[in-house]
Amino acid sequence: MVKQRYSEYVRVFGARVDIDEFARLYVFRSQGGAVKIPKGMDANFDEPGTDGERAIKSLIQTYNKSNSEKWEQEIFKQRRRLADAERALHAKPTKKAANDKRIATNRIEQMLGWLDDLKRTEPKSRDSRIFSKSYCPVMVFENGHRVVKPMRYLCRPAGMPASFDEKYPGCFNARRDNLEGFWKNQFGQTHGIVLATSFFENVSRHRLEDRELRHGESEENVRIEFRPQTGGVMHAACLWSRWIGPDGSELLSFAAITDEPPAEVAATGHDRCIIPIDPGNIDAWLDPNGDLVKSYAILDARERPYYEHRLAA
């Protein structure tokens, strides 16, 4: 779970907000770009205070209106399909009619859920949760200032082809033991910080329950949320890159640095953990100047909270 409100970075760190980058992202989405922007990020523009924020709010409203109309049309289409299937089943049960009824029912339920979520105004914790390829604010150091930019959570390093995302779908994490290998062009060069209150990991249920698989039991994956026992915000260490495509298109993306887990995380069956930077080292981390020794020292001097866990909703 991350802090999607960039006002948090402004309030705590005096960071500047790169509103032009936010605008570029929302314009790209409005033009049909396939980007995942959580509802929590949209909320930054609920009460705009500048012309730039007002322009982004207008883009969000237009985008939401378009989706609402599209989903309502799909619901109408699926309700007609459902009615046809029910009439067919009443006259003569067939596999096709039963399948049409199942698909239409599921699609209607899905679309109604999307519409409800679109129209919802009260915030929920899931609004700030990110998955692979989701966007969130990331704080970096630029021209002597702390700056907040929107970035995608799955890093595509500069110089890589766009197909990199599909070839390396796990690059939302950057392993500490590979920082001078795969991540050598980012480590010591382009560091970032993401404010997070928890993180999520997939583990096997039987390992979480500290047992062997039962006879005939299939392995089941469950998602766990880890949260510092003391609460509060973690300053998660990240690497980021600005990718420029052959056509001049740009992508800002990042990966969270992970390391061997503390005992309580390992006990759940997971083998990685994010690295929370000590607040006193944030500026040194954001502006590494190629100093790998200092960068490693900052990672080693991390905060080490005790992590509680629970099954994720």
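The values are calculated or read from the model by the stated rules, or taken from the named source; none is laboratory data. All values derive from a computational prediction rather than experimental measurement. Cβ: placed from backbone, ideal geometry, glycine included. Neighbour counts: every protein chain shown.
Here Thr268, Thr258 are screened, and the one residue that is assigned by TED's automatic domain parsing to the domain that holds Val233, among the hydroxyl-bearing types (Ser, Thr, Tyr), within 25 Å of Val203 (Cα to Cα) and part of a strand (DSSP E or B) is Thr258.
From the list Lys57, Lys65, the one residue that fits, being among the charged types (D, E, K, R) and in contact with a Phe, Trp or Tyr (Cβ under 7 Å, 6 or more places away or on another chain), is Lys57. Meeting the requirement of 2 or more residues that are of a type in the set (Val, Ile, Thr), the strands (runs of 3 or more DSSP E) wholly within segment 133-202 are 135-142, 145-153, 191-196. If you go through segment 162-173 and pick out every residue that is under 15 Å from the mean Cα position of the chain (by Cα) and surrounded by 12 or more Cβ atoms within 10 Å (Cβ to Cβ), you end up with 4. Checking each residue in segment 209-232 for being in contact with a strand residue (DSSP E or B) (Cβ under 8 Å, 6 or more places away or on another chain) and either buried (at least 18 other Cβ atoms within 10 Å of the Cβ) or without any contact (Cβ under 8 Å) to a residue 12 or more places away in the chain (or both) picks out Ile224, Glu225, Phe226, Arg227, Pro228.
Quick check, is Glu109 surrounded by 15 or more Cβ atoms within 10 Å (Cβ to Cβ) and closer than 30 Å to Phe131 by Cβ? Spelling it out, it is not the case that Glu109 is surrounded by 15 or more Cβ atoms within 10 Å (Cβ to Cβ) and closer than 30 Å to Phe131 by Cβ.
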